[in-house]
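The values are calculated or read from the model by the stated rules, or taken from the named source; none is laboratory data. The structure presented is a predicted model; accordingly, all values stated were derived computationally and were not measured. For neighbour counting, all protein chains shown are included, and Cβ atoms are generated from backbone atoms with ideal geometry for every residue, glycine included.
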Amino acid sequence: MASLFKIPCIYVCENNHFGMGTSEGRASANPQFYKRCEYIPGLRVDGMNVFAVAEATRWAKEWCLGGNGPVILEMDSYRYIGHSMSDPDSTYRTKDDIKKVRDERDCILYVRNLLLEQGLATEAQLTDIEREVKAFVEAEAVEAEKAPLTNPNELWTDIYTEGTPIGHGHRTTQGTVFA
């Protein structure tokens, strides 16, 4: 439908190469997710590279707003830890596999090294920034833990345009329907 009506929509699919407890090759007949939709074009993007992500999303926005319809962006990423507490991830990859990706593709290390190589920051400046960010995140986490729970009525706030029927439930004999 999105392709038929040329709806300007960007679909983002994060591909971290592993499902719950298994690799993508064992879980999918076609692990190239950006090619899986016959009528919506797709791009594979290095999701671990902030510049590639920025450029791909800029291009996708122009594509959609240019009247071309939807597009799929497959963000090629990697997860360093198991999928959940019940997924130790040691059965389908090794610590060396994880270390290799961390050493070669880690997004934070990439930008850090780029800043150092280009002389845009010093090691001391980046260490200071890291300390400040960690302190800020820890302080915000403490505040978040103290905050009252959000009222469930806020779940739809700032998600749908005023007057859009989606997200505004109406009662039926089967219960509340969101349409």
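Looking for something assigned to a loop (DSSP other than H, G, I, E, B), at pLDDT 95 or above and either under 25 Å from the mean Cα position of the chain (by Cα) or not hydrophobic (A, V, I, L, M, F, W, C) (or both) - is there at least one such residue anywhere in segment 83-101? Step through it out loud before you land on a result.
Quick first cut of segment 83-101, residues assigned to a loop (DSSP other than H, G, I, E, B) only: 83-94.
Still in the running and at pLDDT 95 or above: none.
For segment 83-101, residues assigned to a loop (DSSP other than H, G, I, E, B), at pLDDT 95 or above and either under 25 Å from the mean Cα position of the chain (by Cα) or not hydrophobic (A, V, I, L, M, F, W, C) (or both): absent.
Taking segment 66-88 only, how many residues are in contact with a Gly (Cβ under 8 Å, 6 or more places away or on another chain), within 19 Å of residue 105 (Cα to Cα) and among the β-branched types (Val, Ile, Thr)?
Residues that pass the stated criteria total 0.
How many of the residues making up segment 31-53 are in contact (Cβ under 8 Å) with a residue 40 or more places away in the chain, surrounded by fewer than 16 Cβ atoms within 10 Å (Cβ to Cβ) and among the hydrophobic types (A, V, I, L, M, F, W, C)?
Residues in segment 31-53 being in contact (Cβ under 8 Å) with a residue 40 or more places away in the chain, surrounded by fewer than 16 Cβ atoms within 10 Å (Cβ to Cβ) and among the hydrophobic types (A, V, I, L, M, F, W, C): 1 in total.
Being in contact (Cβ under 8 Å) with a residue 40 or more places away in the chain and assigned to a helix (DSSP H, G or I), is that true of even one residue in segment 2-25? So that I can check it myself, show each step before the final result.
Of segment 2-25, the ones in contact (Cβ under 8 Å) with a residue 40 or more places away in the chain are 2-3, 5-23.
With the extra rule that they be assigned to a helix (DSSP H, G or I), the set shrinks to none.
Checked against the condition, which is being in contact (Cβ under 8 Å) with a residue 40 or more places away in the chain and assigned to a helix (DSSP H, G or I), segment 2-25 yields no hits at all.
Tally the residues that are β-branched (Val, Ile, Thr), more than 24 Å from the chain's Cα centre (by Cα) and at pLDDT 95 or above, restricting the search to segment 130-179.
Residues flagged as β-branched (Val, Ile, Thr), more than 24 Å from the chain's Cα centre (by Cα) and at pLDDT 95 or above within segment 130-179 amount to 1.
Could you tell me which of the residues 55, 130, 74, 140 is of a type outside the set (S, T, N, Q), touching a helix residue (DSSP H, G or I) at 6+ places or on another chain (Cβ under 7 Å) and outside any loop (DSSP other than H, G, I, E, B)?
Values: 55 fails: touching a helix residue (DSSP H, G or I) at 6+ places or on another chain (Cβ under 7 Å); 130 fails: touching a helix residue (DSSP H, G or I) at 6+ places or on another chain (Cβ under 7 Å); 140 fails: touching a helix residue (DSSP H, G or I) at 6+ places or on another chain (Cβ under 7 Å).
Exactly one of 55, 130, 74, 140 is of a type outside the set (S, T, N, Q), touching a helix residue (DSSP H, G or I) at 6+ places or on another chain (Cβ under 7 Å) and outside any loop (DSSP other than H, G, I, E, B), namely 74.
Filtering segment 54-65 down to residues that are of a type outside the set (D, E, K, R) and either under 26 Å from residue 111 (Cα atoms) or touching a residue at least 24 places away in the same chain (Cβ under 8 Å) (or both), which residue is surrounded by the fewest Cβ atoms within 10 Å (Cβ to Cβ)?
65
Please indicate, with yes or no, whether at least one residue in segment 90-102 is crowded, with 16+ Cβ neighbours inside 10 Å and at positive phi.
no
Within segment 66-89, which residues are crowded, with 17+ Cβ neighbours inside 10 Å and among the hydrophobic types (A, V, I, L, M, F, W, C)?
71, 72, 73, 75
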